[in-house]
Amino acid sequence: MPLEHHTEHPLVKKISDALAEELCRLKAGITEFELIGLLQSDEYKLLDKNALRDSLSLFQTHFILFHCLYLLKDKLHTSGHGELLISATQIKLVAQSASGIDITDADPLRDYYLDWSHFSKTSTSDVDDLLDSFWRTMNTERQASEQEVAEALCIMNFLPDSTPTRLQIKRRYKALQHKYHPDKGGSVTRSQSLTDAYQILMVRN
């Protein structure tokens, strides 16, 4: 997905147009994963089926989607058509009066995703460092229960009393997702359970 000049590359405009057509879905609320699936579907076919196959592809897909979402957010606010709340867990369009958002407030995330240099300069190792930093932060905020850890180890095919390293968890997750991803004939439920287990184990480490 070589997107070096977003003002000229057609994919930015196509995804932006698709998002503008899906305001009803955005009003109802949608997750990033669901939105990526929609853009991969036969309805749009804007994102490759392998868009999440590795950490760098995942980052690039995430970046361009959030880039387009922040462009739409600015457009909706300027036109008075609402505020777009943006996070990985929920993307939702709300009335401006209900958002509690002050457009004059600094928004580092907006600045980050609208700066195209972050897309072109970020390497696989940079992405891995960002993910490691994310999991370290999560580890200070939430500790999984013993039952959650045990279930996660089982789902990831580790021994119940094992303590896999981050590298082992990453490699096992990648191998299992390759085997059970819906695009490989697996199920959405199985793929999501692997992601949940992966997150629990990474937070524990």
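Give region 174-200 a look and list any residue that's touching a helix residue (DSSP H, G or I) at 6+ places or on another chain (Cβ under 9 Å), β-branched (Val, Ile, Thr) and under 16 Å from residue 151 (Cβ atoms), or say none.
195, 200
Can you pull out every residue in region 169-190 that is among the small types (Gly, Ala, Ser) and modelled with pLDDT of 80 or more?
The initial filter retains those residues of region 169-190 that are among the small types (Gly, Ala, Ser), namely 175, 185-187.
The one that is among the small types (Gly, Ala, Ser) and modelled with pLDDT of 80 or more: 175.
Of the conditions (1) at pLDDT 80 or above; (2) of a type outside the set (D, E, K, R); (3) touching a Phe, Trp or Tyr at 6+ places or on another chain (Cβ under 7 Å), residue 153 satisfies every one except a single condition; which number is it?
(3)
Please determine, by comparing only the residues of region 37-87 that are closer than 26 Å to residue 182 by Cα, modelled with pLDDT of 90 or more and of a type in the set (S, T, N, Q), which one is nearest to the chain's Cα centre (by Cα).
It comes out as 40.
Are any residues in region 75-89 of a type outside the set (Val, Ile, Thr) and either surrounded by 10 or more Cβ atoms within 10 Å (Cβ to Cβ) or assigned to a loop (DSSP other than H, G, I, E, B) (or both), and if so, which ones? Give the steps one after another, and end with the answer.
First, pick out the residues of region 75-89 that are of a type outside the set (Val, Ile, Thr): 75-77, 79-85, 87-88.
Correct list: 75, 76, 77, 80, 81, 82, 83, 84, 85, 87, 88.
Which ones in region 114-129 are loosely packed, with under 14 Cβ neighbours inside 10 Å and either at positive phi or free of Cβ contacts under 8 Å to residues at least 40 places away in the same chain (or both)?
If the condition is that a residue be loosely packed, with under 14 Cβ neighbours inside 10 Å and either at positive phi or free of Cβ contacts under 8 Å to residues at least 40 places away in the same chain (or both), then 115, 117, 121, 125, 129 are the ones that fit.
Within region 102-150, work out how many residues are at pLDDT 65 or above and either closer than 28 Å to residue 64 by Cβ or of a type in the set (S, T, N, Q) (or both).
We begin by selecting, within region 102-150, every residue at pLDDT 65 or above; these are 106-132, 143-150.
Keeping just the survivors that are either closer than 28 Å to residue 64 by Cβ or of a type in the set (S, T, N, Q) (or both) gives 106-132, 143, 145, 147.
The number of residues fulfilling the criteria is 30.
Does region 1-25 hold any residues that are at pLDDT below 95 and either part of a loop (DSSP other than H, G, I, E, B) or under 16 Å from the mean Cα position of the chain (by Cα) (or both), and which are they?
If the condition is that a residue be at pLDDT below 95 and either part of a loop (DSSP other than H, G, I, E, B) or under 16 Å from the mean Cα position of the chain (by Cα) (or both), then 1, 2, 3, 4, 5, 6, 7, 8, 9 are the ones that fit.
Name the pairs: first residue in region 16-45 and in the same structural domain as residue 90 (by TED's automatic domain parsing), second residue β-branched (Val, Ile, Thr) and at pLDDT 95 or above, Cβ to Cβ under 9 Å, at least 6 apart or on different chains?
Partner pairs satisfying both residue conditions: 39/15; 44/15.
The values are calculated or read from the model by the stated rules, or taken from the named source; none is laboratory data. Owing to the predicted nature of the structure, the values given are computational and were not obtained by experimental measurement. No Cβ is skipped: glycine too gets one built from the backbone with ideal geometry, and neighbour counts run over all protein chains shown.
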